[in-house]
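Here the structure comes first, spelled out in structure tokens, and everything after it is commentary.
The values are calculated or read from the model by the stated rules, or taken from the named source; none is laboratory data. Given the structure is predicted, the values throughout are model-derived calculations rather than measurements. In this analysis, Cβ positions are derived from the backbone assuming ideal geometry, glycine residues included, and neighbour counts consider all displayed protein chains.
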Amino acid sequence: MARNPDPKPGRWILPLIVIGMIGFTYVFVNNLDDSAAATPVTLPESSTTTVSDIEPIDVEPTVAESDPAVAAYVDQVNLSQSDLASFAAEMASINEQWDARDVEFSTARDFLRDDLNPRIAQWVTRVEVIEAPVGFEDSQAALVVVAPPVSAAADAVLDGLEAPDTGQARQAALEQFNAAVEAFNTAAADAVGG
């Protein structure tokens with residue numbers, strides 16, 4: 001049997017492939033369209049703008065910025081909304097605690113009767129005495145109408161808590177309270193344009 005003088009006959013294949021790839025690339029590049037290579041690339045001219053070249057934009061001040069009385073009114077309405085949000089959170093919390101029986105009946109009753117509901121009644125008075133600037137009289141009148149139902153519903157929640165039923169009256173009053181809060185927030189947003 002004849003002995004193969006080259007123990008690795010495949011070692012010449014890879015160099016042949018590389019040479020073939022180089023040749024193919026050379027032929028391909030030389031056949032490219034010369035016009036595409038000769039197309040000049042035009043860069044946009046850079047422009048420098050200084051601060052003095054920029055024209056100022058006239059910004060119309062809002063009504064609240066131009067009239068201190070309107071700004072004060074908007075602040076008072078926003079404060080009323082913020083206070084009401086706090087009351088609503090406290091009302092929800094005490095009712096959830098009572099539903100879970102995490103508080104005693106007397107604790108829930110005393111909190112509503114002696115703390116939360118009196119603060120809501122005082123809040124209604126504060127809303128009623130907000131001074132409306134010219135042009136906001138109707139908006140303020142709407143707030144004066146929707147504020148008292150919040151206090152009335154809070155009192156109904158207390159009455160429902162003390163009712164002999166199994167909580168239906170309190171839950172119904174709580175829904176009325178939440179609806180009254182939403183009605184006030186809608187009127188307040190309409191009043192201040194927010």
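A few comments on the model shown:
- Test: Glu96 is surrounded by fewer than 14 Cβ atoms within 10 Å (Cβ to Cβ) and either among the acidic types (Asp, Glu) or outside any helix (DSSP H, G or I) (or both): yes
- Checked across the stretch 180-194, the condition of being touching a residue at least 24 places away in the same chain (Cβ under 8 Å), more than 26 Å from Val77 (Cβ to Cβ), surrounded by 19 or more Cβ atoms within 10 Å (Cβ to Cβ) and in contact with a Leu (Cβ under 6 Å, 6 or more places away or on another chain) holds for no residue.
- For the criterion of being part of a helix (DSSP H, G or I) and either at pLDDT 60 or above or farther than 30 Å from Ala141 by Cβ (or both), Arg109 passes.
- For the stretch 123-144, the tally of residues that are in contact (Cβ under 8 Å) with a residue 24 or more places away in the chain and either part of a helix (DSSP H, G or I) or surrounded by 14 or more Cβ atoms within 10 Å (Cβ to Cβ) (or both) stands at 12.
- Residue match in the stretch 149-160 (condition: without any contact (Cβ under 8 Å) to a residue 12 or more places away in the chain, in a helix (DSSP H, G or I), of a type in the set (Ser, Thr, Tyr) and over 21 Å from Ala72 (Cβ atoms)): no
- Tallying residues that are touching a helix residue (DSSP H, G or I) at 6+ places or on another chain (Cβ under 6 Å) and among the polar types (S, T, N, Q) within the stretch 165-179 yields 1.
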